[in-house]
Amino acid sequence: MKSLSILGSTGSIGTSALEIVRMHPDRFQVKALTAANNIGCFARQIYEFKPELVAVLDETKALELSRVLKGSGRPEILFGEAGYCEAAAYQSSDMVLLAMVGAAGLKPALCAIESKKQIALANKETLVMAGEIVMAKALENNVSILPVDSEHSAIFQCLKGNKKKELKTIFLTASGGPFREMSFDTFKDISLKDALNHPTWNMGHKITIDSATMMNKALEIIEAVHLFDITHEQIQVLVHPQSIVHSMVGYKDGSIMAQMGLPDMKGAISYALSEPERLDLQMDFPDFTTIGSLTFEKPDIQKFPSLLFAFEACKQKGTLPAVMNAANEVAVCAFLEKRIGFLDIFRLISSTMERHTRIDNPDLSGIIEADCWAREKAQSQI
């Protein structure tokens with residue numbers, strides 16, 4: 001039986017992971033859970049899965065959770081970054097599922113690695129901000145980092161049984177989001193409600209907006225570079241509206257391997273949790289007779305400049321990827337709060353990246369300093 005720490009258990013990835021645990025109680029045991037704000041949902045998870053340790057965003061949320069959890073057997077309740085890190089390093093856990101959103105996932109990821117925990121990584125920002133440091137630490141501690149993103153899981157599966165030196169191109173697929181067919185002239189009128197209406201995937205608000213801007217794919221480009229030790233020149237983004245082909249790997253002999261399935265994150269999550277085995281998830285296959293066709297398009301860079309931001313960040317390296325990510329987090333938060341328009345997201349990211357003086361080969365403190373600088377710079381432009 002594998003024991004788990006799930007960081008970000010009330011989000012879409014965390015709740016899907018707990019569904020898998022619920023389906024396979026003989027395979028998994030939950031030892032630690034963390035959440036940010038959704039105390040009601042978190043309390044229900046704690047009652048059901050009975051973790052030994054839990055952590056929440058701050059002391060106020062910890063007190064609220066303490067009042068909600070009554071009776072004996074209540075777990076230890078921690079809070080803040082220190083609490084998240086303790087959950088990530090919890091001695092009774094074999095694997096840590098990092099499903100936190102944003103830059104907050106970086107330090108817990110490093111704590112888990114230093115504690116030699118196997119990592120199931122759903123937090124893109126960890127590798128976007130500090131990919132060189134994180135992957136070096138993982139190698140040093142003999143820690144496996146298993147991808148949870150559907151695209152990176154697909155690539156990981158397509159690489160199985162093949163030699164890295166035979167890889168030529170990674171085809172990273174994207175749904176195209178809700179605005180794929182809209183004219184750029186109408187982008188200025190996009191509302192928050194429009195942007196949160198994803199045509200294929202059911203996700204949290206932040207990642208749904210990232211999908212609408214294609215920043216989600218931009219982050220995945222940088223993540224893939226680090227996960228699979230490739231260059232950004234080896235990555236080709238393809239818009240695939242049906243979201244059946246989750247990504248593909250092209251080899252030097254001209255053959256291409258693709259991983260397909262219905263757009264449901266449980267498949268990728270379960271593979272990270274159980275690899276090299278596959279769990280029975282009672283999931284249907286796509287009905288290829290009714291789909292009609294699987295289509296692929298080039299992304300429209302004018303409409304979605306996030307991809308250009310990512311390739312530039314990959315090219316320049318250093319602190320620029322962390323700056324891009326931080327500016328995006330600030331911009332998305334402002335858009336969700338209706339303080340800026342949709343096109344302002346791109347403006348804030350571009351302007352912040354242009355104003356940044358890149359630091360090459362930064363250490364962790366340098367990355368965090370660049371992250372803080374970018375957040376302040378982006379905020380000042382709202």
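Determine which single condition Ile359 fails, assuming it passes every other condition in (1) surrounded by fewer than 19 Cβ atoms within 10 Å (Cβ to Cβ); (2) in a helix (DSSP H, G or I); (3) of a type outside the set (S, T, N, Q). Among (1) surrounded by fewer than 19 Cβ atoms within 10 Å (Cβ to Cβ); (2) in a helix (DSSP H, G or I); (3) of a type outside the set (S, T, N, Q), Ile359 violates only (2).
Condition check for Lys193 on (1) outside the structural domain of Glu312 (by TED's automatic domain parsing); (2) surrounded by fewer than 23 Cβ atoms within 10 Å (Cβ to Cβ): one failure, at (1). Residues that are closer than 16 Å to Asp344 by Cβ and in contact (Cβ under 8 Å) with a residue 24 or more places away in the chain within segment 175-189 comprise Phe179, Phe184, Phe187, Lys188, listed in sequence order. A single entry from Ser255, Ser247, Ser243 fulfils the requirement of being assigned by TED's automatic domain parsing to the domain that holds Leu219, surrounded by fewer than 18 Cβ atoms within 10 Å (Cβ to Cβ) and not hydrophobic (A, V, I, L, M, F, W, C): Ser255.
Take the conditions (1) among the acidic types (Asp, Glu); (2) in the same structural domain as Asp300 (by TED's automatic domain parsing); (3) in contact with a helix residue (DSSP H, G or I) (Cβ under 8 Å, 6 or more places away or on another chain); Glu132 misses just one of them, which is (2).
Scanning segment 107-164 for residues that are of a type in the set (Gly, Ala, Ser), farther than 24 Å from Ala326 by Cβ and part of a helix (DSSP H, G or I) yields Ser150, Ser153, Ala154. Residue count for segment 30-60, restricted to those that are part of a loop (DSSP other than H, G, I, E, B) and of a type in the set (S, T, N, Q): 2.
Would you confirm, using the coordinates I've provided, whether Thr186 is in the same structural domain as Met260 (by TED's automatic domain parsing), out of contact with any Phe, Trp or Tyr (no Cβ under 7 Å at 6 or more places or on another chain) and either assigned to a helix (DSSP H, G or I) or more than 17 Å from Pro299 (Cβ to Cβ) (or both)? Yes.
The values are calculated or read from the model by the stated rules, or taken from the named source; none is laboratory data. None of the values given here were measured: they were computed from a predicted structure. All Cβ positions, even for glycine, are placed from backbone atoms using ideal geometry, and neighbour counts span all protein chains on display.
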